[in-house]
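Below is one structure, written out as structure tokens; comments come after it.
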Amino acid sequence: MKLVFAGTPEVAVPALDALIASGRHEVAAVVTRPDAPAGRGRRLVASPVAERAVEAGIEVLKPLKPRDPEFLERLREIAPDCCPVVAYGALLPRVALDIPAHGWVNLHFSLLPAWRGAAPVQHSIMAGDEITGASTFLIEEGLDSGPVYGTVTEEIRYTDTSGDLLTRLAFAGSGLLAATMDGIEDGTLKAVPQPGEGITLAPKITVEDAQVEWRTPALRIDRVVRGCTPAPGAWTVFRGERLKLIQVRPAPERIDLAPGQLAVGKNNVHVGTASHGVELLWVQAQGKKPMKAADWARGVRIGESEILGE
């Protein structure tokens, strides 16, 4: 088939690579978000997908909106059979959805209908799921509600951050997306409607959502930190400033601390929660580089009555 691939961030690159390498289909063009400011200089930088497409000699389309007339006209000229999508980042209007004969097929990082929305991996970790995966489905105008072509599953490890899990799913999902294109092309794969039960939503995680509440159990705090790492980054307040929490570990041996209460040892830092303690492993103070929590604690000289979160 002739394909037009839509995607933007680094997590979409493995799927683009898999389609290019398959040799069975032609990636005629790539659709991605416009260049965005990045770094201290805030200079405009192309998306990772755009950079990979340029390396491969593939035409790159960067519409401000997918309903832009010039973009739609170019898409009609290319006349793709199918448009595979991974984390493109913009809503597709009906006029665009109708152009390819086999529609737009999205690789979504959950086992649909669970975790429909922008942040499925973060929500699956924060909810304590043991198994997640990736799904390919035909895009409709509803939120991740279209019929499903196929799935792969992935175990969530107890130390996984959302970054760790998303990286594994990106590579596992790339094979799924390539196989889905093969099945659509040869007619052996049919999309199956999603069940009406088991629907959960995964809206974008905001900075406010990532604030750790020490009056919740240690297990919940561990999941929030892992789910919000690397983005948007879990945090708390210390001496009126934000303290980023990069890595923590449940410490069931510490049952003597009140929520938010700090206990500093020679080589460790513990904090109380609504259940047992957690050990801070890596933190990042405002304006500083990431550091081991014990080094941070020695530097700031924590007093006996100081607590986190206030």
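Mean-square fluctuation check for the chain, GNM, Cα pairs under 10 Å: which of 258, 134, 234 is largest?
Comparing 258, 134, 234 in a Gaussian network model of the chain, the most mobile one is 258.
If r is the Cβ-Cβ distance from residue 267 to residue 288 and R0 is 25 Å, what FRET efficiency results, to the nearest 0.05?
On the way: r = 20 Å, r/R0 = 0.79.
In this case the efficiency is close to 0.80.
Excluding residue 74 itself, calculate the net charge of residues whose Cβ lies under 12 Å from the Cβ of residue 74, where each Lys or Arg counts +1 and each Asp or Glu counts -1. Spell out each step's value before the answer.
Working: positive: 62, 76; negative: 59, 68, 70, 73, 77.
Charge balance near residue 74 sits at -3.
May I ask you to compute the full-extension gain from residue 241 to residue 79, defined as 0.36 nm times their residue separation minus their alpha-carbon distance, rounded to one decimal in nm? Numbers along the way, then the final one.
Details: separation 162, 0.36 × 162 = 58.32 nm, distance 5.38 nm.
Between residue 241 and residue 79, full extension yields an extra 52.9 nm.
Given points 7 Å out from each Cα along the Cα-Cβ axis, report the residue 95 to residue 231 separation in nanometres with one decimal.
Result for the modelled spin labels: 2.9 nm.
Considering only DSSP states other than H, G, I, E and B, which GluC sites (Glu not before Pro) in segment 217-299 qualify as loop sites with at most 16 other Cβ atoms within 10 Å?
Numbers: sites: 241, 253, 279; in loops: 253.
In loop regions of segment 217-299 (DSSP not H, G, I, E or B), the sparsely surrounded GluC sites (Glu not before Pro) are 253.
If each of residue 159 and residue 189 carries a label point 7 Å out from its Cα toward its Cβ, how far apart are those two points in nm?
Reported label-point gap for residue 159 and residue 189 is 3.4 nm.
How much area per residue is accessible in segment 183-307 when the probe is 1.4 Å and only protein heavy atoms are counted (Å²)?
Details: 7050 Å² over 125 residues.
For segment 183-307, the solvent-accessible area averages 56 Å² per residue.
Between residue 140 and residue 171, what is 0.36 nm times their sequence separation minus the Cα-Cα distance? Round to one decimal in nm. Present the calculation step by step, with values, prior to reporting the outcome.
Values: separation 31, 0.36 × 31 = 11.16 nm, distance 2.47 nm.
So the chain would gain 8.7 nm between residue 140 and residue 171.
Write down the percent of antiparallel bridges among all DSSP beta bridges whose residues are both part of the chain, to the nearest 5.
Values: 37 of 54 bridges.
Taking every DSSP beta bridge within the chain, about 70 percent pair in antiparallel fashion.
If a/c stays under 1.5 just call it rounded; otherwise compare a/b with b/c (prolate if a/b is bigger, oblate if not). Do that for segment 217-261, with a ≥ b ≥ c from the square roots of the Cα gyration tensor eigenvalues.
Values: a/c = 2.72, a/b = 1.26, b/c = 2.17.
Since a/c reaches 1.5 but b/c is at least a/b, the shape of segment 217-261 is classed as oblate.
Rg over Rh of segment 145-276, using C-alpha atoms and the Kirkwood radius, what does it come to?
Numbers: Rg = 20.2 Å, Rh = 17.9 Å.
My calculation of the ratio gives 1.13.
Label points 7 Å out from Cα along the Cβ direction at residue 220 and residue 10: separation in nm?
Distance between the two pseudo-spin positions: 3.2 nm.
Taking 0.36 nm per intervening residue step and subtracting the Cα-Cα distance, what contour gain separates residue 256 from residue 306 on full extension? Before the final figure, lay out the partial values.
Values: separation 50, 0.36 × 50 = 18.00 nm, distance 1.53 nm.
Stretched out fully, the residue 256 to residue 306 stretch lengthens by 16.5 nm.
Tally Lys and Arg at +1 and Asp and Glu at -1 over the other residues with C-beta under 12 Å from the C-beta of residue 185: what net charge comes out? Present the calculation step by step, with values, prior to reporting the outcome.
Working: positive: 2, 24; negative: 26, 81, 182, 186.
In short, -2.
Dividing the alpha-carbon radius of gyration of segment 21-148 by 2.2 N^0.38 Å (N being the number of residues), what value is obtained?
Details: Rg = 16.1 Å, N = 128, 2.2 N^0.38 = 13.9 Å.
Against the compact-globule rule of thumb, the ratio is 1.15.
Over the chain, what is the mean sequence separation of C-alpha contacts under 8 Å (at least six apart), divided by residue count, expressed as relative contact order in percent? Could you put the intermediate results ahead of the total?
Working: 681 pairs, mean separation 40.5, N = 310.
Relative CO of the chain lands at 13 percent.
In whole Å, what is the distance between the alpha-carbon centres of segment 156-222 and segment 250-275?
Using only Cα atoms, the two centres lie 32 Å from each other.
Count charges around residue 226 for me, please; just the other residues with Cβ under 9 Å from its Cβ, Lys/Arg as +1, Asp/Glu as -1.
Numbers: positive: 223; negative: 160, 164, 222.
Summing Lys/Arg as +1 and Asp/Glu as -1 gives -2.
Only one of the listed values, (1) 19.0, 67; (2) 18.9, 60; (3) 22.4, 70, was derived from the coordinates as Rg and Dmax of the Cα atoms in Å; which label is it?
(3)
Could you bin all the Cα-Cα distances of segment 5-85 into 10 Å bins starting at 0 and give me the percent of pairs in each, rounded to whole numbers?
The distribution over segment 5-85 is 18, 50, 27, 5, 0, given as percents.
Where in segment 4-51 are there trypsin sites (Lys or Arg not before Pro) that are in a DSSP coil and have at most 14 other Cβ atoms within 10 angstrom of their Cβ? Show your work: numbers first, answer last.
Working: sites: 24, 40, 42, 43; in loops: 24, 40, 42.
Listed in order of number, the matching sites are 24, 40, 42.
Could you work out what % of the accessible surface of segment 112-160 is carbon and sulfur, using a 1.4 angstrom probe and leaving DNA, RNA and ligands out of the count? Working shown, then result.
Numbers: 990 of 2120 Å².
Percent of accessible area from carbon and sulfur atoms in segment 112-160: 47.
So, for segment 43-160, what is the accessible surface per residue at a probe of 1.4 Å, expressed in square angstrom?
Working: 5520 Å² over 118 residues.
Computed with neighbouring chains in place, this is 47 Å² per residue.
Test of the criteria: in segment 134-237, which GluC sites (Glu not before Pro) are in a DSSP loop and have at most 16 other Cβ atoms within 10 angstrom of their Cβ?
Numbers: sites: 140, 141, 154, 155, 185, 197, 208, 213; in loops: 140, 141, 197, 208, 213.
Of the GluC sites (Glu not before Pro), the ones in loops of segment 134-237 whose Cβ has at most 16 other Cβ atoms within 10 Å are 140, 141, 197, 208, 213.
Mind jotting down the distance between the C-alpha centroids of segment 1-80 and segment 105-152, whole Å?
Rounded to whole Å, the Cα centres lie 22 Å apart.
Please state the charge dipole magnitude for segment 167-232, taken about the Cα centre, from unit charges on C-beta atoms (+1 on K and R, -1 on D and E), reported in debye and rounded to the nearest 20. Please list the in-between numbers first.
Working: 7 positive and 8 negative charges, 66 e Å.
It comes to approximately 320 debye.
Given the rule -39500 (n - 2.57) for each run of at least 4 DSSP H residues, summed and divided by the residues of the chain, what is its mean residue ellipticity at 222 nm, to the nearest 500 deg cm²/dmol?
Details: 8 runs with 82 residues, N = 310.
Counting only the DSSP helices, I get -8000 deg cm²/dmol.
I want to make sure I understand the PRE zone here: with the label point 7 angstrom from the Cα of residue 200 toward its beta carbon, which residues in segment 106-125 have backbone N atoms less than 19 Å away?
So the set is 108-125.
Out of 288, 65, 190, any idea which swings most in a Gaussian network model of the chain, alpha carbons joined below 10 Å?
Answer for the Gaussian network model of the chain: 288.
The values are calculated or read from the model by the stated rules, or taken from the named source; none is laboratory data. Note that the structure is predicted; figures quoted are calculated from it, not measured. We place every Cβ from the backbone using ideal geometry, glycine too, and count neighbours over all the protein chains shown. For the accessible areas, the whole protein counts, side chains as well, though only heavy atoms, and no ligand, DNA or RNA atoms are used. Shrake-Rupley method; radii C 1.70, N 1.55, O 1.52, S 1.80 Å.
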